[in-house]
Amino acid sequence: MILQTISRIPFWQKVLAGFILGALVGVILGESATVLKPLGDLFIGAIKMLVAPLVFCAIVVSITSLGSQTSLKRLSLKTLGMFMLTGTIASLIGLAVGSMIDMGGTMQLTATEVRERNIPGFAQVLLDMIPVNPFASLAEGKVLQIIVFAALVGIAINKVGEKAEPLKRTIEAGAEVMFQLTRMVLKLTPIGVFGLMAWVVGEYGLSTLLPLGKFIGAIYIAAFIHIIFVYGGLVKFVGGLSPLQFFRKAMPAQLVAFSTSSSFGTLPASTRAVETMGVSKRYSAFVMPLGATMNMDGCGGIYPAIAAIFIAQIY
């Protein structure tokens, strides 16, 4: 009876319950809550297990389903254009919010060690996208290289035509198996989120975050503006969907992202979320892995802009 009642609870509510309970347990038990970390590690490990084969199969199936190169080019250009647009807007929002809030206050920053970061040039970035050893890329989970290799395999299958049908059907079957395995692993999400939140709050404590309260608050304000107005506006006026329904169905993926701090770790939950929104698999299978790799408006746009201003204010 209890199991039947639990099974009727919407997925996003289960994940939210795990998130809240984990935070409460972390506050109440303190450092003792770190014993729950293996629950989160188990979930993260299961998610990482899925990413490489799921991305490869999904991308190949997506490209072979699109068929013509014209459709693929159109989808690619629209996807990359949208990523660039939202990323630029995110950076502008981060700069605006960071400039309006005095986050540094009376804090002082003393640099005890300076480590120079080697930033690769544009040519090196392009070279790093090509998998010298595709099997090594799959084993090491290098998602961008997997995407490039899968795209090339999908294009080659389309060009070969009938002779490549056995390989095409094999990868399609593999994709269905991976989607089913993803559904199975995602059932662990509430437990994994519970363990991760209990560990994070118990390990670091809320008091650790208080001196950085304004900085953290500025990031959340900017992220909230971006999510509600930019994404909500695109969903409403471009996609023609209800923003409330969109955010409700996207809630599990957002909670997984918050608790794991991993774009790749969120990929299976995001894939499930877009399925519930009625998005075609041939589109979502192409866009979702790219988004997990390239479309990180929060950590790639909002956070660097606000962090730069925050550090400048302290100095």
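Residue pairs whose Cβ atoms lie under 7 Å apart, separated by 6 or more positions or on different chains, with the first residue in region 177-203 and within 14 Å of residue 49 (Cα to Cα) and the second in a helix (DSSP H, G or I) and β-branched (Val, Ile, Thr), are 182/271; 185/47.
Residues of region 40-82 that are open to solvent by 30 Å² or more (accessible area, probe 1.4 Å) and of a type in the set (Phe, Trp, Tyr): 56 alone. Inspect all residues belonging to region 271-292 and state whether any of them is among the hydroxyl-bearing types (Ser, Thr, Tyr) and touching a Lys or Arg at 6+ places or on another chain (Cβ under 7 Å). So far as region 271-292 goes, yes, one or more of its residues are among the hydroxyl-bearing types (Ser, Thr, Tyr) and touching a Lys or Arg at 6+ places or on another chain (Cβ under 7 Å). Condition test on residue 171, is it touching a Cys at 6+ places or on another chain (Cβ under 9 Å) and either at pLDDT 85 or above or of a type outside the set (S, T, N, Q) (or both)? The answer is yes for residue 171.
Scanning region 272-315 for residues that are open to solvent by 50 Å² or more (accessible area, probe 1.4 Å), more than 27 Å from residue 60 (Cα to Cα) and not small (Gly, Ala, Ser) returns 299, 303, 304, 311, 313, 315. The condition of being assigned to a helix (DSSP H, G or I), over 20 Å from residue 90 (Cα atoms) and modelled with pLDDT of 75 or more holds for residue 244. Checked against the criterion of being open to solvent by 50 Å² or more (accessible area, probe 1.4 Å) and free of Cβ contacts under 8 Å to residues at least 40 places away in the same chain, the candidates 247, 237, 258 yield just one match: 237. Filtering region 146-179 to residues that are open to solvent by less than 30 Å² (accessible area, probe 1.4 Å), within 29 Å of the chain's Cα centre (by Cα) and not hydrophobic (A, V, I, L, M, F, W, C) leaves 154, 174. Residues in region 127-145 that are open to solvent by less than 80 Å² (accessible area, probe 1.4 Å) and either aromatic (Phe, Trp, Tyr) or more than 18 Å from residue 285 (Cα to Cα) (or both): 7 in all.
The values are calculated or read from the model by the stated rules, or taken from the named source; none is laboratory data. Just so we're clear, the structure is a prediction, and the values are computed from it rather than from any experiment. Every residue, glycine among them, receives a Cβ derived from its backbone with ideal geometry; neighbour counts consider all protein chains shown. Accessible surface is based on the protein model in full, side chains and every heavy atom, while ligands, DNA and RNA are left aside. Shrake-Rupley method; radii C 1.70, N 1.55, O 1.52, S 1.80 Å.
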